[in-house]
Structure formats: structure tokens, C-alpha cells
């Protein structure tokens, strides 16, 4: 009696899980084999020139509720790209604007190793720029090259 109830419960759970999986799959998605046939037909017709298999598959074979999520991810990626562009422009303005770099290694650091002398000279100028609020959002060290990297490169180039 208990085994019958238990097996009915297990069957009900499995059936519910199976139905939910089937319903979550895209209704009009093609199988890989069908999509491959469609891609080859498009290639022979000259409609898929310059389009990779993965791009074709995403565009032609996976049409479903994923279109909404794809549209959202495209919108988010465009927004992220715009934000990165704005940050890059802000940095470019700051570097080309009022922010200054030392012309040579400061005399008080000349007795140190060249790398330490450059670092201390750059740090001194960074603090002066920070006090004058001319950094424009540039930090001492940051991914892609902060103030220290730019300053160090300039001093190395001057010898």
C-alpha cells in the first residue's frame, strides 16, 4: 500500500518535471540537423555569405522566448559599450587637459635607483595634481594604465 502511494508520487513528480522541461523548450526551435540543412541551403543560395554557423544558428534556428533575452542583452551590451566609451573620453580629456607630468626626475630623488626615482617623482607630481584637482578622475594605478604608468613611460622615454 505504501509502495503504491510512493511510486505514484514519484511518477507524478517525474511527470511534472518532464512537462515543465518540455514547455520550457522553444516551441519553434529547430534541431541541429534541421538547422544544418537550412544553413547549407542558405549557403548554396548565396544568402549566408559572410555569416558563421553559430551566428546563423542563433539568428535562424533558436527563435523563441530567447529573443527577448537576446534583445535585453544587446541593449545592456550597447549601454556598457557607451559607458566605456564615455570613460575613455573622460580620461583622454583629463590627460590632454590640465593634468601635468614631470619633465625629468626630481633632483632630490636622483641618488635612488632609476625605477624608484621615477616612482617617487611621479608620486610627488600626482599628489600636486590631486591637490589642484586636475586629475580628471585618473587614479594612481588602474587597469589600462593609470597616472603612474603614463608618467613612468614618459620619464623612461626621456632617459
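Scanning the stretch 113-132 for residues that are under 30 Å from the mean Cα position of the chain (by Cα) and either over 22 Å from residue 157 (Cβ atoms) or surrounded by fewer than 17 Cβ atoms within 10 Å (Cβ to Cβ) (or both) yields one hit, 130. Condition first: within 36 Å of the chain's Cα centre (by Cα), more than 24 Å from residue 57 (Cα to Cα) and modelled with pLDDT of 70 or more. Now tell me which residues in the stretch 9-45 satisfy that. Scanning the stretch 9-45 gives a single hit, 17. Considering the conditions (1) exposed (fewer than 12 other Cβ atoms within 10 Å of the Cβ); (2) modelled with pLDDT under 90; (3) touching a helix residue (DSSP H, G or I) at 6+ places or on another chain (Cβ under 9 Å), residue 141 is excluded by exactly one of them, (2). Tell me yes or no: at least one residue of the stretch 61-78 is modelled with pLDDT of 80 or more, surrounded by 10 or more Cβ atoms within 10 Å (Cβ to Cβ) and farther than 30 Å from residue 133 by Cα. Among the residues of the stretch 61-78, at least one is modelled with pLDDT of 80 or more, surrounded by 10 or more Cβ atoms within 10 Å (Cβ to Cβ) and farther than 30 Å from residue 133 by Cα, which makes the answer yes. Tell me which of these residue 100 doesn't satisfy, since it passes every other one: (1) modelled with pLDDT under 90; (2) within 29 Å of the chain's Cα centre (by Cα); (3) over 30 Å from residue 30 (Cβ atoms). Failing condition for residue 100: (2).
The values are calculated or read from the model by the stated rules, or taken from the named source; none is laboratory data. All figures in this text were calculated on a predicted structure; none of them were measured in a lab. Positions of Cβ are backbone-derived with ideal geometry, glycine not excepted, and every protein chain shown enters the neighbour counts.
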